[in-house]
1. In the range 108-143, how many are hydroxyl-bearing (Ser, Thr, Tyr) and either closer than 14 Å to Val51 by Cβ or in contact with a His (Cβ under 6 Å, 6 or more places away or on another chain) (or both)?
2. On the basis of being surrounded by 14 or more Cβ atoms within 10 Å (Cβ to Cβ), more than 20 Å from the chain's Cα centre (by Cα), part of a loop (DSSP other than H, G, I, E, B) and at pLDDT 95 or above, does Ala24 make the cut?
3. Limited to the range 89-116, what total is found for residues that are in contact with a Lys or Arg (Cβ under 7 Å, 6 or more places away or on another chain) and of a type in the set (Val, Ile, Thr)?
4. Given the structure, is Ile15 of a type in the set (A, V, I, L, M, F, W, C), part of a loop (DSSP other than H, G, I, E, B), in the same structural domain as Leu120 (by TED's automatic domain parsing) and more than 20 Å from Leu112 (Cβ to Cβ)?
5. If Pro138 passes every condition in (1) in contact (Cβ under 8 Å) with a residue 60 or more places away in the chain; (2) farther than 23 Å from Ala67 by Cβ; (3) under 15 Å from the mean Cα position of the chain (by Cα) but one, which one does it miss?
6. Here are Ile54, Ile65: which of them is among the β-branched types (Val, Ile, Thr), in contact (Cβ under 8 Å) with a residue 40 or more places away in the chain and either surrounded by fewer than 19 Cβ atoms within 10 Å (Cβ to Cβ) or not in a helix (DSSP H, G or I) (or both)?
Amino acid sequence: MAASPYTELFELLDITGDDAAECAHLLDTPADEPVLQAMEAMQERLGAFPVDSIRAEGAVEAVWIEALLRFAPSVHAYHVGLGISPAVSAASLADLGLQLRINRRVHGRFGLDTWAWLTLHMAGNLFRLGRLQFHLVPAADPSSEWVLGVHIPEDGSLSPELVDASFSLARAFFTRYFPDMPAHKAICDSWMLDPYLVERLPKSNIASFARRFTLDRCTDAPTDAIYFTFRQRGLDNLDRLPRETSLQRVVLERIDDGGTWQLGHGHLAL
């Protein structure tokens, strides 16, 4: 049986199983104009340190999946050109494969409803370093020029030891590869920083993670805790969701009691 022409690409992006077959189908014909336009939009941002994802009105999911697949090697080459190890680049870009697998769990089909999130990776300034992802961007705060946005992939423990190691890697990594863009502060916007979680699960790894940050403010995000805990979009049929873990119970009981989950916006010194 002949090897797939996409084996190297799919290994880079950690695309497996049925997702690999679907992605190969997208790549088997030349890119059409919408895909080329999406790739051009990503090319304009590569190396430019954008803060936000690409927003495309009327976006077609399949177009962006194909564009992400075709553009990823350019991002990998950009990383390697900076001297960054191929392994760190691959770990960072492997979020594409993870998000494809999550989409199957959420929707039961091939797709990528988080394609916009992945356009941040394609700008070349978001890296997976150990347990966490770090996104180097200009600071909104005039007292600092650069900050690291912290993101939390779903695959793994948030033990203090792993989080400590990840921050240690990040300090060394960005000092080495982006010395002209010193970041002395990290920021995180997450439902995990909602003070309610620290109050209800004070001994948990999530609470330990949240306590690292000085909380600046909170904003309502009614569905985030449901999505990231259960991988369900929206607030329908909550009675069907499991209550097997303490986290699952806390997430659902707050809604049962009429409460609303929030995003905590916090910062810490690096």
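The values are calculated or read from the model by the stated rules, or taken from the named source; none is laboratory data. Keep in mind that what you see is a predicted model, and the values were worked out from it rather than measured. Cβ sites come from the backbone with ideal geometry, for glycine too, and all protein chains shown count toward neighbours.
1. So the count comes out to 1.
2. Values: surrounded by 14 or more Cβ atoms within 10 Å (Cβ to Cβ): yes; more than 20 Å from the chain's Cα centre (by Cα): yes; part of a loop (DSSP other than H, G, I, E, B): no; at pLDDT 95 or above: yes.
When the stated conditions are applied, Ala24 does not pass them.
3. Total satisfying the criteria: 2.
4. no
5. So Pro138 meets the others, but not (3).
6. Ile54
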